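See below for the structure under consideration.
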Amino acid sequence: QVQLVESGGGLVQPGGSLRLSCVVSGSFFVIYTMGWYRQAPGKQRDLVAAISSVTSGGTTTYADSVKGRFTISRDNSKKTVYLQMNSLKPEDTAVYYCSASASNTYWGQGTQVTVSS
């Protein structure tokens, strides 16, 4: 059984920073492509950033809207993936979900990020 638990969301002012964490239980963390998605009210869930498996070189990809502001990383010893979010904007407000993908895709429960003054 694979479980993902996100943390680190909250309320931040525009221009501020947050770091989200996602801890993965179970084995074989290194084979998963890890992703961060977000879903704003009334909108679809969109990919924010992804990092490929260790065996695939840990390649990162980003949505155009967050390039240069967000950084995804993984600590394989801790089975954790991070999303460092800088220069936050009100339009970054959403529920952020962590995913782990291999032959199946697993999701966390989500963490709320609110960017507001």
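In table form, for the structure just shown:
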quantity	calculated
Options Val24, Val54, Val95: the member that is hydrophobic (A, V, I, L, M, F, W, C) and touching a helix residue (DSSP H, G or I) at 6+ places or on another chain (Cβ under 7 Å)	Val54
Residues within segment 24-51 that are modelled with pLDDT of 95 or more, aliphatic (A, V, I, L, M) and open to solvent by 70 Å² or more (accessible area, probe 1.4 Å), tallied	1
Sole residue being over 14 Å from the mean Cα position of the chain (by Cα) and at pLDDT below 95, chosen from Gly57, Gly68	Gly57
Positions within segment 85-100 being in a strand (DSSP E or B) and in contact with a Phe, Trp or Tyr (Cβ under 8 Å, 6 or more places away or on another chain), in sequence order	Met85, Tyr96, Tyr97, Cys98, Ser99, Ala100
Candidates Ser73, Ser21 - the one that is crowded, with 16+ Cβ neighbours inside 10 Å and either touching a strand residue (DSSP E or B) at 6+ places or on another chain (Cβ under 8 Å) or not in a strand (DSSP E or B) (or both)	Ser21
Top-ranked residue of segment 101-117 - restricted to ones that are part of a loop (DSSP other than H, G, I, E, B) and touching a Phe, Trp or Tyr at 6+ places or on another chain (Cβ under 6 Å), ranked as most open to solvent (accessible area, probe 1.4 Å)	Ala102
Considering residues of segment 1-18 that are of a type in the set (A, V, I, L, M, F, W, C) and either part of a loop (DSSP other than H, G, I, E, B) or touching a Cys at 6+ places or on another chain (Cβ under 8 Å) (or both) only, the residue most open to solvent (accessible area, probe 1.4 Å)	Val5
Any hit, segment 87-99, residues being of a type outside the set (S, T, N, Q), more than 15 Å from Glu6 (Cα to Cα) and touching a Leu at 6+ places or on another chain (Cβ under 6 Å)	no
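The values are calculated or read from the model by the stated rules, or taken from the named source; none is laboratory data. As the structure is a computational prediction, the values presented were derived from the model and not from experiment. Positions of Cβ are generated from backbone atoms using ideal geometry, with glycine treated the same way; all protein chains shown enter the neighbour counts. Keep in mind that these areas ignore ligands, DNA and RNA; they rest on the heavy atoms of the full protein, side chains included. Shrake-Rupley method; radii C 1.70, N 1.55, O 1.52, S 1.80 Å.
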